[in-house]
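Engineer: Right, I'll just put the structure down here and ask away after.
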Amino acid sequence: MVRVPEYQSNVALRPDLRQDVEVRATPEAFGADIGRGMQGLAKGLDNAGDQMAAVRELEDVARAKEADNKYANWMRERQYGEGGFMTQEGRNAVDGRAAFEREAEEKRKEFSQGLTPGAAKAYSTASTARLQSTYQQSIIHTANERKKWFGQASNARVETFANDALVAFDKPAMVNKNIAAGILELREQGALHGWDADTLKQREADFSSGVHKNITLRLAQGDPLKAEKYMKDNAGRMTGAHQYELQKSLESEIQSEASKRAADGILGSGRQPVAAPAGPAPAAGERRTLGQAGPTQARAFLIGKLNGNSAAHVDGLDEGFATNLAALIQDAPPGIREKLGVQSGFRSIERQRQLFAASDGSGKMVAPPGRSFHNHGQAVDLAYDGRSLKHAPKDVIDWVHGNAGKYGMFFPMAYEPWHIEPVGTRGGQDSGTVAPRNNMVSARSAMPSFDEIEAKLQAIPDDKVRDLTRKRVYTAIEARSKYAQEQEKVAKSELWSYIDKGATPDQVPMEVRQAAGMAAVSSAWNYLETAAKGRAVDSDETLLYDMRRYAAQKPTEFANVDLNDFRDRLSKEAIKELTTTQTTALTDQRKAREDGITLTTAFSQATSQLEAVGITATGKDGKQREEAAKRIAQFQNALAGELEAFKKLNNKNPNQIEIQAMTNKLLLPIVIKQPGMLWDSNDRSKRLFEAAGRPDGTTVDVDVKYADIPIDLRRGIATDLQRELGRKPSEEEIISRYEEVALSR
C-alpha cells in the first residue's frame, strides 16, 4: 500500500542529506505512485456509492411490498371476509359502496405511513393500481346487486299482492284486484330482466295459480269441502301442477270431512218410522193402522209382527221395552228380520191366572198371577217363522241372543231361549252381560236402523268416502252406547252413595235418579225395605251362580259390571267377593284366568256327579225345571265357597282329586230333624250343601246309605278297613268311614 510521506523535522533523517542514501529524482519519488493510488481510490469510492444506492433502492422496494401486502390482506378481508363488501347483496351492497371505497382509500394511505420517499413512491404505484382494480370490482358488484335489489323489491311486492289476496280470500273482488296488481309488477320485472313474451306469460300464470292454490289451502284448514269447491270453481285459473298437488295433499282431508258430515247426517236423523210389516193379522180383527196403534211407532211395528194374537200383547208392553224390541227386530239381518216376530207379550192378571191353572200337572212352567214379567209388560216370547224361537236355526238364535244386550234386553232363562226381557228385571248373564241398563230406550234403539244406515251409505258415490263413513257410523254407535252406559253407571254409583249415607231415593237429587234409571231406584227401595225389616239381604242363588260363572269365563268383561245394580239381590259378603274378583281381573289377569279355569273346571266336574244323584234340569219342564236349576245353583255356590276356603288355607288352587272330595262332602245325604217329630216325619231328601237353608230350630244328621257311596270309594275304603281290621268290613263300617273322611275334608 502506498504510504504518504511525512514531514521530518530532523534534517538528519532526510534521505537526501544522508551519506548512505542515493538521491534520485524519479516520478515515483515525486508521488506518481501516490497519484495513481488516489485515482484508484476515487474510482473505488464511486463504485461503492453506486452499490449503496442500489441497496437503498432494494430496501425501498421491500418496504413498499410489505406495505402493499398488508393492504392487500386488509382488502381481501374487507371484501370477502365476514360482512365483507363483496358478500353484501342487494340494497346493502349499493348503499355500502361509497363507505367501502372511502375506507379503502383511507387504508391505502394508512399503510404508507413511515415509509421512506422511495418506498412510499413504490407503494403508491402498487397500491393505486390495486385500489383502481378494487373500484372496478365494486362497480361491477354494485351493478349486479342493484339489479338483484330491484328484483327482490319487485318480488317482495308481488308476494305482498299475493298475501293481500290470501287475507281477502272470502272477498273475490279483492282477490282479483290483488292478482291484477301482482301481474303489473311482474311485467315491470319482465322489462327489467328482458323476459320474452312466453316467459312473462308463464310467470303471470304461475302467480295467479299460486294465489288460488294458497287460498284453497287456507280454506282447507277450516273446511276441506269448501276448499274442494273453490278448487273446482277456479280450476281454469290454476296450473295442472298446482291442481295435482292440491288433489294429492287434500285428498285424505276431503274424504275425512265428507265422511264426517255424512256420518253426522246419518246419525243425526235418528230412527225413522218403519211401516208395520205385512204378516198374520191379530186375532178378532184387531190389526191396526199406524195411526191407531197407540203412542209409539214401535208398537205399530210390533203389532205387524204379532203371531196371530191380540194387539193387546203389544199395547200393554212397557214403552221403552217395546221401542228396544222393535229396534232389535228392525236391525236384524235380512232373512232373519222378515221371519222374526212376537209369539206372546203382555198378559193380564186374569189371563195369567188361567194359564197357571191350566199348567197344573202339565209340566209347563207358568208363574203365578202377578209374578210373571208378562203381567207387567216387561217380557215377550219371540217367534220365528210362525213358531216359537226355540225352533229357529242356530244362527238365528245366536244372532238374537248375541245382539239383545245392545238394545237393553236379555234372555234370563237358558231353558227358555225364546223369552226376552229388559235387562235389569232380574239377574242373569245368558245374554252375555249381567249389568242392567234399566227399562228405558237404549242408545242404539234411538239411532237409525241398519237399513236406514246402509241405504244412506249406498247413496255416497265415492267408494273411499262410503267405507270411511261406514266405519265412522258404527264406531260412533258403539261409542255412544258405551258413553250412555258409563253415564248411567256413574249415576248409579252416586245414587248408592246417597243410600249408604242414610238417604232414601226420594232424597237423592232428581237428576241423579233420572240418570240412574227407575230400575236402580227400585233396587234401592228394595234394599232399604229389606234393611227396615232388620235383616240383611240374602243372595239370589241363581244370580250369584251366574255371576261366578260369568266372572270365571269372561273375567275382563265381568270387571266392567256395576255391582251396585245387585245390592238388593246379593248379600254384602257376595258383593265383597265379586268386587275382589273384579279387582283381580283388572290388576292380575294371569291369576284371574287361573282362578277362572279352576272354578269352571270344578263346576263342570261337579255337574256329572250332580246328574248321578238326580240333581239335574235335563228332561224337566216348568216348575220342576226351575226348582232343579235353583238347586244346582245352590250346590255350585256351596262348592265355590269350599274352593275359596281351600285357597285361603293352602295358598293354592285345589286339584281335581281335592275338588272331588269337596263335591262328595257337599253331596252327603242328610236328615233335617225337627224337635218333636217322629223319625220318619223328618226331611230326608236334602244334601249337606242344603243344610244352611234349613228352618230355624232344626238339626242336621248325615244319613249316608251304602249305595250313596261311589263304587270306587267303597272299594278303596273296604280295602283299607280290611287291612286295619284283619277281616272284611261291614256296610255300616264302610258308611261310617266314608262319613268320617268326607266330613273331615
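The values are calculated or read from the model by the stated rules, or taken from the named source; none is laboratory data. Because the structure is predicted, anything quoted here is derived from the model rather than measured. All Cβ positions, even for glycine, are placed from backbone atoms using ideal geometry, and neighbour counts span all protein chains on display. Heavy atoms of the whole protein, side chains included, go into the accessibility calculation; ligands, DNA and RNA do not. Shrake-Rupley method; radii C 1.70, N 1.55, O 1.52, S 1.80 Å.
Engineer: So, in the range 444-465, exactly how many residues are in contact (Cβ under 8 Å) with a residue 60 or more places away in the chain and either within 25 Å of ILE254 (Cβ to Cβ) or surrounded by 18 or more Cβ atoms within 10 Å (Cβ to Cβ) (or both)?
Structural biologist: So in the range 444-465, the residues in contact (Cβ under 8 Å) with a residue 60 or more places away in the chain come out as 444-453, 456-457, 460, 462, 464-465.
Next, from what is left, pick out any that are either within 25 Å of ILE254 (Cβ to Cβ) or surrounded by 18 or more Cβ atoms within 10 Å (Cβ to Cβ) (or both): 444-445, 447-449, 452-453, 456-457, 460, 462, 464-465.
Within the range 444-465, residues that are in contact (Cβ under 8 Å) with a residue 60 or more places away in the chain and either within 25 Å of ILE254 (Cβ to Cβ) or surrounded by 18 or more Cβ atoms within 10 Å (Cβ to Cβ) (or both) number 13.
Engineer: Let me ask something else about it. Which of the numbered conditions does ARG426 fail, given that it passes all the others? Conditions: (1) at pLDDT below 75; (2) open to solvent by 30 Å² or more (accessible area, probe 1.4 Å); (3) within 29 Å of the chain's Cα centre (by Cα).
Structural biologist: Here ARG426 meets the rest and fails (3).
Engineer: Using beta carbons and a limit of 7 Å, which pairs, at least six apart or on different chains, have the first residue in the range 482-501 and free of Cβ contacts under 8 Å to residues at least 60 places away in the same chain and the second one assigned to a helix (DSSP H, G or I) and among the small types (Gly, Ala, Ser)?
Structural biologist: Listed pairs, sorted by first residue: ALA484/ALA443; GLN487/ALA515; GLU488/ALA515; GLU488/ALA516; ALA491/ALA515; ALA491/ALA516; ILE499/ALA524.
Engineer: Select, from ALA93, ALA120, the only residue that is hydrophobic (A, V, I, L, M, F, W, C) and more than 30 Å from ALA153 (Cα to Cα).
Structural biologist: On the way: ALA93 fails: more than 30 Å from ALA153 (Cα to Cα).
Only one candidate passes the filter, namely ALA120.
Engineer: Let me ask something else about it. Every residue in the range 123-140 that is more than 15 Å from GLU103 (Cα to Cα), open to solvent by less than 50 Å² (accessible area, probe 1.4 Å) and not small (Gly, Ala, Ser), please.
Structural biologist: TYR123
Engineer: Can you pull out the residues in the range 330-360 that are within 44 Å of the chain's Cα centre (by Cα) and assigned to a helix (DSSP H, G or I)?
Structural biologist: The answer is GLN330, ARG337, GLU338, LYS339.
Engineer: Within the range 499-522, is there a residue that is among the hydroxyl-bearing types (Ser, Thr, Tyr), touching a helix residue (DSSP H, G or I) at 6+ places or on another chain (Cβ under 7 Å) and in a helix (DSSP H, G or I)?
Structural biologist: For the range 499-522, residues among the hydroxyl-bearing types (Ser, Thr, Tyr), touching a helix residue (DSSP H, G or I) at 6+ places or on another chain (Cβ under 7 Å) and in a helix (DSSP H, G or I): absent.
Engineer: For the structure I just gave you, tell me whether ASP395 is among the acidic types (Asp, Glu), under 19 Å from MET413 (Cα atoms), under 43 Å from the mean Cα position of the chain (by Cα) and modelled with pLDDT of 90 or more.
Structural biologist: Here the answer is yes, as ASP395 does meet what is asked.
Engineer: Let me ask something additional. Out of the range 229-270, which residues are surrounded by fewer than 19 Cβ atoms within 10 Å (Cβ to Cβ), under 30 Å from VAL441 (Cβ atoms) and either of a type in the set (Phe, Trp, Tyr) or modelled with pLDDT of 90 or more (or both)?
Structural biologist: Listed by number, the residues that qualify are LYS260, ARG261, ASP264, GLY265.
Engineer: If PHE169 satisfies every condition in (1) assigned to a helix (DSSP H, G or I); (2) open to solvent by 40 Å² or more (accessible area, probe 1.4 Å); (3) farther than 30 Å from GLU57 by Cα; (4) of a type outside the set (Asp, Glu) but one, which is the exception?
Structural biologist: Looking at each condition in turn, PHE169 falls short on (1).
Engineer: Still on this model: For the range 596-641, give me each residue that is charged (D, E, K, R) and either part of a helix (DSSP H, G or I) or open to solvent by less than 30 Å² (accessible area, probe 1.4 Å) (or both). Full working, then the answer.
Structural biologist: Taking the range 596-641 and keeping what is charged (D, E, K, R), we get 611, 620-621, 623, 625-627, 630-631.
Listed by number, the residues that qualify are GLU611, LYS623, ARG625, GLU626, GLU627, LYS630, ARG631.
Engineer: Are any residues in the range 293-313 within 21 Å of MET518 (Cβ to Cβ) and either modelled with pLDDT of 85 or more or within 41 Å of the chain's Cα centre (by Cα) (or both), and if so, which ones?
Structural biologist: Scanning the range 293-313 gives THR296, ALA298, ARG299.
Engineer: Also, quick follow-up: Confirm whether HIS401 is within 22 Å of MET440 (Cα to Cα), surrounded by fewer than 22 Cβ atoms within 10 Å (Cβ to Cβ) and modelled with pLDDT under 85.
Structural biologist: no
Engineer: In the range 650-697, which residues are among the hydrophobic types (A, V, I, L, M, F, W, C), modelled with pLDDT under 75, surrounded by fewer than 17 Cβ atoms within 10 Å (Cβ to Cβ) and closer than 20 Å to ALA640 by Cα?
Structural biologist: Hit for the range 650-697 is ALA692, nothing else.
Engineer: Something else: Please specify each residue of the range 159-210 satisfying the condition of being modelled with pLDDT under 90 and farther than 19 Å from MET238 by Cα.
Structural biologist: GLU185, GLU188, GLN189, GLY190, ALA191, LEU192, HIS193, GLY194 - these are the residues of the range 159-210 that are modelled with pLDDT under 90 and farther than 19 Å from MET238 by Cα.
Engineer: Just checking, which of ALA98, ALA104, ALA126 is at pLDDT below 90 and either assigned to a helix (DSSP H, G or I) or in contact with a strand residue (DSSP E or B) (Cβ under 7 Å, 6 or more places away or on another chain) (or both)? Give the steps one after another, and end with the answer.
Structural biologist: Working: ALA98 fails: at pLDDT below 90; ALA104 fails: at pLDDT below 90.
ALA126 is the lone residue from the list that is at pLDDT below 90 and either assigned to a helix (DSSP H, G or I) or in contact with a strand residue (DSSP E or B) (Cβ under 7 Å, 6 or more places away or on another chain) (or both).
Engineer: Let me ask something else about it. Could you say whether any residue in the range 171-192 is in contact (Cβ under 8 Å) with a residue 24 or more places away in the chain and of a type in the set (S, T, N, Q)?
Structural biologist: Scanning the range 171-192, I find at least one residue that is in contact (Cβ under 8 Å) with a residue 24 or more places away in the chain and of a type in the set (S, T, N, Q), so the answer is yes.
Engineer: Quick one: in the range 63-80, of everything that is touching a helix residue (DSSP H, G or I) at 6+ places or on another chain (Cβ under 8 Å) and either open to solvent by 50 Å² or more (accessible area, probe 1.4 Å) or assigned to a loop (DSSP other than H, G, I, E, B) (or both), which residue is nearest to TRP149 (Cα to Cα)?
Structural biologist: My answer is TYR80.
Engineer: Here is a follow-up. What pairs can you find where one residue is in the range 101-123 and in contact (Cβ under 8 Å) with a residue 12 or more places away in the chain, the other is polar (S, T, N, Q), and their Cβ atoms are less than 6 Å apart, with a gap of 6+ or different chains?
Structural biologist: Pairs that qualify, where the first residue is in contact (Cβ under 8 Å) with a residue 12 or more places away in the chain and the partner is polar (S, T, N, Q), are ALA104/THR134; ARG108/SER127; ALA120/SER112; TYR123/SER112.
Engineer: Still on this structure, I have one more. Which one of these does ARG549 not meet: (1) open to solvent by 30 Å² or more (accessible area, probe 1.4 Å); (2) modelled with pLDDT under 85; (3) within 32 Å of the chain's Cα centre (by Cα)?
Structural biologist: For ARG549, the exception is condition (2).
Engineer: Quick one: which of LYS213, LYS226, LYS201 is of a type outside the set (S, T, N, Q), more than 30 Å from ARG261 (Cα to Cα), open to solvent by 20 Å² or more (accessible area, probe 1.4 Å) and out of contact with any Cys (no Cβ under 7 Å at 6 or more places or on another chain)?
Structural biologist: Exactly one of LYS213, LYS226, LYS201 is of a type outside the set (S, T, N, Q), more than 30 Å from ARG261 (Cα to Cα), open to solvent by 20 Å² or more (accessible area, probe 1.4 Å) and out of contact with any Cys (no Cβ under 7 Å at 6 or more places or on another chain), namely LYS201.
Engineer: Right, here's the next one. Does THR134 satisfy the condition of being over 30 Å from ASN155 (Cα atoms), touching an Asp or Glu at 6+ places or on another chain (Cβ under 9 Å) and assigned to a helix (DSSP H, G or I)?
Structural biologist: yes
Engineer: Given the criteria in contact with a helix residue (DSSP H, G or I) (Cβ under 8 Å, 6 or more places away or on another chain), surrounded by fewer than 22 Cβ atoms within 10 Å (Cβ to Cβ) and not in a loop (DSSP other than H, G, I, E, B), does ASP381 qualify?
Structural biologist: yes
Engineer: Determine whether the range 435-444 contains at least one residue that is modelled with pLDDT of 80 or more, closer than 23 Å to ARG337 by Cβ and either part of a helix (DSSP H, G or I) or of a type in the set (Phe, Trp, Tyr) (or both).
Structural biologist: yes
Engineer: Let me ask something additional. Of the numbered conditions (1) in a helix (DSSP H, G or I); (2) surrounded by 19 or more Cβ atoms within 10 Å (Cβ to Cβ); (3) modelled with pLDDT of 85 or more, ASN375 satisfies every one except a single condition; which is it?
Structural biologist: (3)
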